[in-house]
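Heads up, the thing below is written out as structure tokens.
No lab work stands behind these numbers, since they all come straight from the coordinates. Treat the numbers as computed from the prediction; the structure is a model and nothing was measured. Methodologically, a virtual Cβ is constructed for each residue, glycine included, from the backbone with ideal geometry; neighbour enumeration extends over all protein chains shown.
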Amino acid sequence: MQANQGDRIVIRGRTVESPDRHGEIIEVRGDAGGPPYVVRFDDGHESVIQPGSDFEIAHDQHI
């Protein structure tokens, strides 16, 4: 998985009641665009993310 600063991401909710979380990668800490990523979610929360199977990156597109 590779990403760039500014890419939009979505983390899919794992249950019916859990909404998807959307955000923007503000820092790439891995080599050659790899994880971990620092993400600022649309609600303003920032977190270091190690992507799982529910994580998607939108390169140059809006999710």
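Spacing of the modelled spin labels on E24 and R12, each 7 Å from Cα toward Cβ, amounts to 2.5 nm.
By the beta-carbon count within 10 Å of each Cβ, the least crowded to most crowded order of E17, E46, fewest first, is E17, E46. Between Q2 and D43, the simple spin-label model (points 7 angstrom out along Cα→Cβ) gives 3.3 nm.
Once you keep just the Cα pairs under 8 angstrom separated by 6 or more residues, what percentage relative contact order results for the chain?
36 percent
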